[in-house]
Every structure is written in C-alpha cells, then in structure tokens.
Amino acid sequence: EAEVAQSPRYKITEKSQAVAFWCDPISGHATLYWYRQILGQGPELLVQFQDESVVDDSQLPKDRFSAERLKGVDSTLKIQPAELGDSAMYLCASSFPLAGGPYNEQFFGPGTRLTVL
Amino acid sequence: SQQGEEDPQALSIQEGENATMNCSYKTSINNLQWYRQNSGRGLVHLILIRSNEREKHSGRLRVTLDTSKKSSSLLITASRAADTASYFCATDAGDDKIIFGKGTRLHILP
C-alpha cells in the first residue's frame with residue numbers, strides 16, 4: 001500500500017542550528033502539505049504545494065522556515081536557525097484532489113519529532 | 001487558527017462501550033473529516049461527510065453533521081483497546097485547505 005515517507009523520524013538539535021526534513025508523497029498526489037503539531041494540539045498548516053507551486057504559506061515563519069518542492073514530487077522543509085519553540089512534530093501529507101470536486105482526504109506520513117535543546 | 005473544537009478533550013471508557021465525541025465549528029463548510037492519530041504517529045483518515053449529508057457510517061463508526069448547529073459527532077460502537085488514540089475533526093471551508101481541531105484523547109480501559 002502506498003504511503004507518505006518522511007525522514008528523519010526523530011531529530012535532536014541545538015538552538016541556532018539548521019535542520020531539514022524530507023517528505024516523499026504518494027505517487028501521483030499533486031498536493032503536498034507540511035504541518036506542525038505541538039504536543040496536545042491539532043496539526044497546523046505551515047505550507048501547501050500544488051505540484052511545484054506554493055498555494056499557501058501564510059502561516060510559515062518565513063524569517064527562519066523555508067520549503068521547496070522543486071520537481072513537484074518530494075519536498076524539503078528547512079529551519080534555520082532553530083529555536084526552542086520549534087520543538088514539535090512535523091507532519092507531511094499529500095492528497096489527490098478530485099478535479100472540480102470536493103476536497104479529498106489527506107494521507108499523512110509518520111512525522112518527524114524535532115527536539116531543540 | 002483552529003476552527004473546529006472537539007469535546008470532550010479527554011474520554012476514558014470501558015472496552016465494549018460506545019464512545020461519542022463532538023466537534024463544533026464556526027464558519028460554513030463544504031465538508032468535515034475525522035482523523036485518528038495513534039501516539040507519536042501520523043494521522044489516519046476515518047471518514048468524510050459532506051455539507052449536504054446528515055449521517056454517514058463506516059464499520060463501527062457513525063458520523064453525524066448538523067450544519068444548522070455547526071456541529072458534528074463521531075460515535076465509535078463496541079470500543080476496542082486498539083481504538084485508544086486521539087481523534088481530530090477537520091473542516092474544509094472551501095478555500096482548498098482543512099483546519100484541524102485540538103482533538104479528543106480517547107482511552108479504552110480493559
């Protein structure tokens with residue numbers, strides 16, 4: 001069964017260091033999402049791609065976060081420099097929106113647990 | 001910002017009992033989805049209900065939607081230990097993104 005892949009699963013870093021997360025969506029899924037989930041909260045959207053284009057990055061802290069999906073397939077989310085408050089689970093999801101139809105379900109990867117010391 | 005708000009925040013029931021959790025939201029929606037998240041894992045889609053639907057079933061799950069009250073409920077019948085997880089509602093307001101609530105943490109007691 002096709003799955004969304006994420007790596008690494010866990011990352012521990014010191015504040016002010018740079019970190020990068022990778023996501024490979026389900027083959028054929030045009031839409032890719034990065035979420036941040038703080039412990040005890042629901043996921044919050046950071047950035048949404050449609051193919052290689054950014055559709056929504058309104059909640060992405062652009063002074064330190066960047067995301068790219070150069071060939072419209074896999075994606076990288078980077079934080080530089082990391083801060084203590086960035087400790088969270090970073091989730092990647094993909095979906096295959098039905099053309100002209102209602103929003104489709106999202107398929108999530110296992111996430112990357114980031115701890116900033 | 002989070003539109004959906006689940007209630008209760010936490011719920012503990014005996015195995016075999018039914019579990020009901022609710023979701024309230026603020027603005028009009030195209031559809032509402034429920035997801036499950038096991039501890040430390042990604043989310044898994046459970047069910048989607050469209051704004052013109054009132055009730056939907058999937059196995060032991062039953063979802064209702066009341067657009068006049070801007071609320072939805074998820075019922076899990078005959079609960080099992082494997083149902084222990086967090087459950088999130090996610091609303092689609094038609095702007096091509098979904099917004100998750102804070103979730104209900106369900107614990108099934110043996």
Self-check item: Selection within the stretch A:40-84 - of a type in the set (Gly, Ala, Ser), more than 12 Å from every other protein chain (Cβ to nearest Cβ) and either surrounded by fewer than 14 Cβ atoms within 10 Å (Cβ to Cβ) or assigned to a strand (DSSP E or B) (or both)
Solution: A:53, A:66, A:67, A:75
Practice problem: Taking the residues in the stretch B:33-58 that are facing chain A (nearest Cβ under 10 Å) and of a type in the set (A, V, I, L, M, F, W, C) as candidates, determine which candidate is surrounded by the fewest Cβ atoms within 10 Å (Cβ to Cβ). | Solution: B:44
Quiz prompt | Considering residues of the stretch B:1-17 that are part of a loop (DSSP other than H, G, I, E, B) and within 14 Å of the chain's Cα centre (by Cα) only, the residue surrounded by the most Cβ atoms within 10 Å (Cβ to Cβ) | solution = B:4
Quiz item: When the stretch B:21-39 is examined, which residues are found to be more than 9 Å from the chain's Cα centre (by Cα) and closer than 21 Å to residue B:79 by Cα?
Solution: B:37, B:38, B:39
Self-check item: Residues of the stretch A:27-48 classified as within 13 Å of residue A:96 (Cβ to Cβ) and out of contact with any Asp or Glu (no Cβ under 7 Å at 6 or more places or on another chain), total
Solution: 6
Self-check item: Matching entry among A:102, A:97 (being at pLDDT below 95, touching a Lys or Arg at 6+ places or on another chain (Cβ under 8 Å) and either part of a loop (DSSP other than H, G, I, E, B) or crowded, with 20+ Cβ neighbours inside 10 Å (or both))
Solution: A:102
Quiz prompt | Qualifying position, being more than 12 Å from the chain's Cα centre (by Cα) and on the phi > 0 side of the Ramachandran plot, among A:111, A:40 | solution = A:40
Practice problem: Could you list all residues from the stretch B:59-83 that are surrounded by 18 or more Cβ atoms within 10 Å (Cβ to Cβ) and on the phi > 0 side of the Ramachandran plot? | Solution: B:70
Practice problem: Would you mind telling me which numbered condition in (1) within 14 Å of chain A (Cβ to nearest Cβ); (2) out of contact with any strand residue (DSSP E or B) (no Cβ under 6 Å at 6 or more places or on another chain) residue B:65 fails? | Solution: (2)
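The values are calculated or read from the model by the stated rules, or taken from the named source; none is laboratory data. Computed from a predicted model, the values in this text were never measured in an experiment. Glycine also receives a Cβ, built like all others from the backbone with ideal geometry; neighbour counts cover every protein chain displayed.
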